[in-house]
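Notes for the one structure printed next.
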Amino acid sequence: MKYLTLILLILFTQTSYANFKISPLSQSMDVKKRSASYTLENMTPNSAAYKVTVVQRDLDKKGKELRIPTKELRIFPSKIILKPLEKKRVKVLYLGKRDISIEKSYRIIFTQLDRDVSEDESEGVQSKFNFNTAFYVTPKEAKAEINPSVLEYKGNKYLSLNNQGNGHIILKDWKLQLSNQGKNRIYPDELPNINILAGKEVLLPLNKTVAVNQDVEIVFN
């Protein structure tokens, strides 16, 4: 599966540690609400500077995450200086449409800047650490609806994971059950952890022992 670019599933963790801490790393906000928040904490004995940026997420059929500039979220404050061990609440404002029928997916990226906080803002800086959090704006009762099937293209077999629901789903520690003529077996190869966004389809390569006409079902460990 070398060609498959997997999404980094840091969203399985509630907090993140390096020189700073963020909580939570993944959150969903009801579209009827106007804002949500994160807690950013400087874990070092020195003052530190941070910036916060936002992109909208998309997903191609190989599972690669695509990042698109967006103005639908506003961060306040987006530039932060924290004293040693200081915490600060970072607010996220949603400025997009309210009448959505499908969940919207974003990354909110917290970056620690590699500079002395006393330096002039005009001087060049480099990022030292960054964490990519998952942020979703969700309509009422959003849920995923995965329809797995086996496809063949140019002699290769693929598992189609088509999320026809209006919410994302994270497949973690899962297996594929194959059924043919009343006989069931578990697909032997390891399958990746993956986040399938609402309305998106991902194709995973399968070995050639899988038949196109087999029924398939996702099962969890």
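Go through (1) over 30 Å from VAL202 (Cβ atoms); (2) of a type in the set (Lys, Arg); (3) in a loop (DSSP other than H, G, I, E, B) one by one and return the number of the condition LYS62 breaks.
The failed condition is (1).
Is it the case that SER35 is over 18 Å from LEU82 (Cβ atoms), in contact (Cβ under 8 Å) with a residue 12 or more places away in the chain, in the same structural domain as LYS87 (by TED's automatic domain parsing) and of a type in the set (S, T, N, Q)?
yes
Could you check region 131-172 and list, in sequence order, the residues that are in a strand (DSSP E or B) and under 30 Å from SER37 (Cβ atoms)?
PHE131, ASN132, THR133, ALA134, PHE135, TYR136, VAL137, THR138, ASN163, ILE169, ILE170, LEU171
Cβ-Cβ under 9 Å, sequence separation 6+ or interchain: first residue in region 142-153 and free of Cβ contacts under 8 Å to residues at least 24 places away in the same chain, partner part of a strand (DSSP E or B) and of a type in the set (Ser, Thr, Tyr). Which pairs?
What qualifies is ASN147/SER160.
Hey, does region 74-83 have a residue that's farther than 16 Å from LEU40 by Cβ, under 19 Å from the mean Cα position of the chain (by Cα) and modelled with pLDDT of 95 or more?
Yes, there is a match, as at least one residue in region 74-83 is farther than 16 Å from LEU40 by Cβ, under 19 Å from the mean Cα position of the chain (by Cα) and modelled with pLDDT of 95 or more.
Over 27 Å from VAL210 (Cα atoms) and in contact (Cβ under 8 Å) with a residue 40 or more places away in the chain: is that true of TYR136 in this structure?
yes
For GLY96, all conditions in the list (1) at pLDDT 95 or above; (2) among the small types (Gly, Ala, Ser); (3) assigned to a strand (DSSP E or B) hold save one; what is the number of the exception?
With respect to (1) at pLDDT 95 or above; (2) among the small types (Gly, Ala, Ser); (3) assigned to a strand (DSSP E or B), GLY96 is out only on (3).
So, in region 152-169, exactly how many residues are farther than 17 Å from ASP58 by Cβ and surrounded by fewer than 18 Cβ atoms within 10 Å (Cβ to Cβ)?
6
Among residues belonging to region 170-198 that are under 27 Å from the mean Cα position of the chain (by Cα) and basic (Lys, Arg), point out the one that is surrounded by the fewest Cβ atoms within 10 Å (Cβ to Cβ).
Out of the qualifying residues, it is LYS172.
The values are calculated or read from the model by the stated rules, or taken from the named source; none is laboratory data. As the structure is a prediction and not an experimental result, all values here were calculated from the model. Note that we place each Cβ from the backbone using ideal geometry, even for glycine, and neighbour counts take in every protein chain shown.
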